[in-house]
Amino acid sequence: MAIVGNGSRTSIPEVLYVASNTEEGNVWSGLYKKTLAERQQILAQEKGLDASDIALLNKDGPLPLAAADTISENVIGTFALPFSIAPNFIVNGKEYVVPMVIEEPSVVAAASHGAKMARASGGFKAQYSGSVMTGQIQLVKVKNISDVSKKLEADKAAILAEADSNAGHIKPYGGGVVGMQTRSVMTSQGLMLLVEFNINVADAMGANAVNTILEKMAPGLEQRTGGEARLRILTNLCLGRIVSASATWKKEELGGEAGVEAILDAWALAMADPFRRATHHKGIMNGMDAVAIATGNDWRAVEAGAHAYGAFKNASITTYKKTPSGDLEGKIILPLAVGTVGGSLKANPCAALGQKILGAKTSGELAMVMASVGLAQNLAALRALSSEGIQKGHMRLHARHIAAKAGASEKEIDEVVKRMEAANAVTEASAASALKEIRGRKE
Ligand code: HMG
């Protein structure tokens with residue numbers, strides 16, 4: 001393969017890229033060793049990208065290309081999403097403006113709405129268990145697991161001290177190894193021993209901190225158990241890192257007694273039926289993921305923990321009940337591993353900005369706000385679903401996008417949306433016709 005030319009980042013025609021499936025067999029092999037510009041050239045050649053596509057990839061946004069190239073592999077550009085804020089959140093008496101990054105219309109509006117309706121009762125009260133993550137070392141081929149486990153339990157103090165001596169990277173932040181347990185699990189490959197370490201990761205998300213300690217501990221545990229260590233990895237079902245948030249919504253905000261009953265009916269279905277629960281949880285994660293992204297956190301880990309917890313409990317992660325005065329009290333509880341410090345936060349200036357806007361000082365504070373967002377999101381969705389239906393609010397906000405797509409300027413968008421709603425048709429054709437009418441009227 002050869003790349004000849006001036007390497008210009010914006011203009012494909014200036015670059016003579018010679019694809020060489022024939023030379024090396026696979027043009028994608030070793031892609032990661034190329035420069036970002038070379039990757040773009042290969043992609044352009046193979047997928048027919050033109051100069052305008054490359055210009056789009058090269059548009060430096062708040063995350064500079066050079067920084068993006070150090071965060072992931074095979075980077076060809078950056079990919080922007082709307083960066084929004086949700087006001088109205090009071091959590092443990094403190095006001096928050098919550099940063100959210102999401103492409104789906106009506107999520108930010110719904111979170112703000114759910115939070116606004118909770119203000120009359122003082123907002124959200126939240127609790128955090130502390131930042132204890134659990135990591136697993138899988139040991140196979142251990143003979144007499146029961147005796148070996150007893151021996152490990154007897155030597156626990158020494159093993160814990162050794163594990164903690166490998167926790168130097170989190171010690172300065174108040175972290176360290178705080179516990180250990182052994183479990184045996186019957187699998188299709190036979191009985192296996194798990195040695196699990198509980199590690200306080202302080203204000204980090206903690207995956208790297210945990211995995212580093214596990215990898216250091218594995219060889220010694222092989223010697224102690226006579227087994228072979230396989231996986232050495234944290235679990236996202238982090239039961240030592242549980243957050244909860246609760247709030248009360250006045251019945252007047254929810255359509256009175258009937259509104260409260262309708263929301264309870266909606267929630268009861270999520271408790272009873274896994275098919276409904278999946279979507280119920282999806283709605284909660286709409287909000288929590290958006291905050292995770294905006295603050296540079298690993299939203300896949302957040303998702304994994306939440307869904308695993310729901311499956312583990314065979315229940316919704318939110319619960320609702322009527323208060324004696326007929327208002328609605330809601331609560332969310334889930335494992336949540338998010339951080340306010342760590343490499344990815346430093347690497348992405350947008351994530352640092354998200355953290356600055358939120359102003360959470362610790363991972364616990366961040367987790368408590370995120371749980372509140374999840375609960376607000378769930379309440380707003382259940383209220384809409386059990387009354388006018390989700391499409392009304394959702395489509396009203398989607399209508400703005402359709403109006404803009406039809407060519408409406410910022411000043412014209414609201415009027416076009418109003419006309420589409422009046423015509424009960426949120427479509428590009430309806431937007432175009434509304435636009436024509438408005439512009440005709442002005443002329
Ligand atoms: P509304 O009653 O028409 O709102 O609700 P409002 O005009 O009375 O405004 C109340 C507050 O909502 C506002 O306060 C804002 O905070 C917020 P104010 O600023 O006036 O002091 N708000 C907005 N924020 C930003 N942009 C807006 C906006 N409008 C209101 N345009 C609303 C309108 C859309 C909020 C309501 O219908 C709602 O909450 N709907 C739920 C929408 C939703 O849940 N969307 C998520 C996507 S659907 C989904 O995928 C999840 C789902 O499947 C989950 C599940 O099944 O459980 C539904």
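The values are calculated or read from the model by the stated rules, or taken from the named source; none is laboratory data. Everything quoted here is computed from the prediction, not taken from an experiment. Heads up, the Cβs are rebuilt from the backbone with ideal geometry, glycines too, and the neighbour counts pull from every protein chain shown. We work out accessible area using only protein heavy atoms, side chains counted, and drop any ligands, DNA or RNA first. Shrake-Rupley method; radii C 1.70, N 1.55, O 1.52, S 1.80 Å.
Being over 30 Å from Asn92 (Cβ atoms), out of contact with any strand residue (DSSP E or B) (no Cβ under 8 Å at 6 or more places or on another chain), outside the structural domain of Ile333 (by TED's automatic domain parsing) and modelled with pLDDT of 95 or more is a property that Asp147 has.
I'd like to verify a number: residues in segment 212-250 that are of a type in the set (D, E, K, R) and crowded, with 19+ Cβ neighbours inside 10 Å, how many?
Initially, segment 212-250 is screened for residues of a type in the set (D, E, K, R), giving 215-216, 222, 224, 228, 230, 232, 241, 250.
Narrowing the set further to residues that are crowded, with 19+ Cβ neighbours inside 10 Å leaves 232, 241.
Total meeting the criteria: 2.
The residue pairs whose first member lies in segment 43-55 and is in a loop (DSSP other than H, G, I, E, B), whose second member is surrounded by fewer than 17 Cβ atoms within 10 Å (Cβ to Cβ), and whose beta carbons are closer than 9 Å, counting only pairs six or more residues apart or on different chains, are Asp50/Pro13. Just one of the listed residues (Ala268, Ala292, Ala272) is within 14 Å of the ligand (Cβ to nearest atom) and at pLDDT 95 or above, and it is Ala268.
Which residues, taken from segment 275-289, are closer than 16 Å to Leu336 by Cα and within 10 Å of the ligand (Cβ to nearest atom)? Show your work before the answer.
First pass over segment 275-289, keeping only residues closer than 16 Å to Leu336 by Cα: 281-282, 284-289.
Of everything in segment 275-289, those that are closer than 16 Å to Leu336 by Cα and within 10 Å of the ligand (Cβ to nearest atom) turn out to be His281, Lys282, Ile284, Met285, Asn286, Gly287.
The residue list Asn297, Asn286 contains one member that is outside any helix (DSSP H, G or I) and polar (S, T, N, Q), which is Asn297. Could you check segment 401-419 and list, in sequence order, the residues that are buried (at least 19 other Cβ atoms within 10 Å of the Cβ) and within 12 Å of the ligand (Cβ to nearest atom)? Answer for segment 401-419, where residues must be buried (at least 19 other Cβ atoms within 10 Å of the Cβ) and within 12 Å of the ligand (Cβ to nearest atom): Ile413, Val417.
Scanning segment 351-370 for residues that are under 15 Å from the mean Cα position of the chain (by Cα) and open to solvent by 30 Å² or more (accessible area, probe 1.4 Å) returns a single hit, Met368.
Looking at segment 213-267 only, could you name the residues that are part of a loop (DSSP other than H, G, I, E, B) and among the aliphatic types (A, V, I, L, M)? Within segment 213-267, Leu237, Leu239 qualify. Please enumerate the residues belonging to segment 301-350 that are surrounded by 15 or more Cβ atoms within 10 Å (Cβ to Cβ) and on the phi > 0 side of the Ramachandran plot. The answer is Gly342, and nothing else.
The residues listed here are Met180, Met205; of these, the one that is open to solvent by less than 20 Å² (accessible area, probe 1.4 Å) and assigned by TED's automatic domain parsing to the domain that holds Gln223 is Met180.
Restricting segment 59-91 to residues that are polar (S, T, N, Q) and touching a helix residue (DSSP H, G or I) at 6+ places or on another chain (Cβ under 7 Å), which is farthest from Lys361 (Cα to Cα)? Let's see the steps before the verdict.
From segment 59-91, those polar (S, T, N, Q) are 70, 72, 74, 78, 84, 88; that's our starting set.
Filter again for touching a helix residue (DSSP H, G or I) at 6+ places or on another chain (Cβ under 7 Å), leaving 70, 74, 78, 84, 88.
On the way: Thr70: 27, Asn74: 34, Thr78: 28, Ser84: 21, Asn88: 19 Å.
Once the filter is applied, the top-ranked residue is Asn74.
For segment 377-391, filtered to residues that are near the ligand (Cβ under 6 Å from one of its atoms) and within 24 Å of Pro82 (Cα to Cα), the residue that is surrounded by the most Cβ atoms within 10 Å (Cβ to Cβ) is Ala381.
Going by what's in this entry, would Ala270 be described as within 24 Å of Thr362 (Cβ to Cβ), of a type in the set (A, V, I, L, M, F, W, C) and buried (at least 16 other Cβ atoms within 10 Å of the Cβ)? Walk me through how you get there before you give the answer.
On the way: within 24 Å of Thr362 (Cβ to Cβ): no; of a type in the set (A, V, I, L, M, F, W, C): yes; buried (at least 16 other Cβ atoms within 10 Å of the Cβ): yes.
It is false that Ala270 is within 24 Å of Thr362 (Cβ to Cβ), of a type in the set (A, V, I, L, M, F, W, C) and buried (at least 16 other Cβ atoms within 10 Å of the Cβ).
Select, from Ser165, Ser149, Ser131, the only residue that is open to solvent by 50 Å² or more (accessible area, probe 1.4 Å) and of a type outside the set (A, V, I, L, M). Answer to the check: Ser165. Taken over segment 219-260, residues that are away from the ligand (no atom under 13 Å from the Cβ), over 30 Å from Asn198 (Cα atoms) and touching a residue at least 40 places away in the same chain (Cβ under 8 Å) amount to 6.
Filter segment 113-128 down to residues that are open to solvent by 20 Å² or more (accessible area, probe 1.4 Å) and on the phi > 0 side of the Ramachandran plot, then give me how many there are. Can you show your working first?
Taking segment 113-128 and keeping what is open to solvent by 20 Å² or more (accessible area, probe 1.4 Å), we get 113, 116, 119-122, 125, 127-128.
Still in the running and on the phi > 0 side of the Ramachandran plot: 122.
Residues in segment 113-128 being open to solvent by 20 Å² or more (accessible area, probe 1.4 Å) and on the phi > 0 side of the Ramachandran plot: 1 in total.
Across segment 78-95, which residue is most open to solvent (accessible area, probe 1.4 Å) among those that are more than 10 Å from the ligand (Cβ to nearest atom) and over 17 Å from Ile293 (Cα atoms)? Before you say what the answer is, go through the steps one by one.
Filtering segment 78-95 for residues more than 10 Å from the ligand (Cβ to nearest atom) gives 78-83, 89-95.
After this cut, where a residue has to be over 17 Å from Ile293 (Cα atoms) as well, the list is 89-95.
Values: Phe89: 0, Ile90: 27, Val91: 5, Asn92: 84, Gly93: 69, Lys94: 80, Glu95: 108 Å².
Across segment 78-95, the extreme among qualifying residues is Glu95.
Let's see how each residue does on (1) at pLDDT below 90; (2) within 25 Å of Asn348 (Cα to Cα); (3) open to solvent by less than 20 Å² (accessible area, probe 1.4 Å):
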| residue | (1), (2), (3) |
| --- | --- |
| Gly25 | yes, no, no |
| Thr35 | no, yes, no |
| Gln40 | no, yes, yes |
| Gln45 | no, no, no |
| Leu49 | no, no, no |
| Ser52 | no, no, no |
| Ala55 | no, yes, no |
| Leu65 | no, yes, yes |
| Thr70 | no, yes, no |
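Suppose the filter is within 12 Å of the ligand (Cβ to nearest atom), in contact with a strand residue (DSSP E or B) (Cβ under 6 Å, 6 or more places away or on another chain) and among the charged types (D, E, K, R); does Lys125 pass it? Walk me through it before giving the result.
On the way: within 12 Å of the ligand (Cβ to nearest atom): no; in contact with a strand residue (DSSP E or B) (Cβ under 6 Å, 6 or more places away or on another chain): yes; among the charged types (D, E, K, R): yes.
Against the criterion (within 12 Å of the ligand (Cβ to nearest atom), in contact with a strand residue (DSSP E or B) (Cβ under 6 Å, 6 or more places away or on another chain) and among the charged types (D, E, K, R)), Lys125 does not qualify.
Among the conditions (1) over 16 Å from Ala380 (Cα atoms); (2) open to solvent by 10 Å² or more (accessible area, probe 1.4 Å), the only one that Ala110 does not satisfy is (1). Thr134 falls short on exactly one of the conditions (1) away from the ligand (no atom under 16 Å from the Cβ); (2) at pLDDT 95 or above; (3) over 20 Å from Leu239 (Cβ atoms), and that condition is (3).
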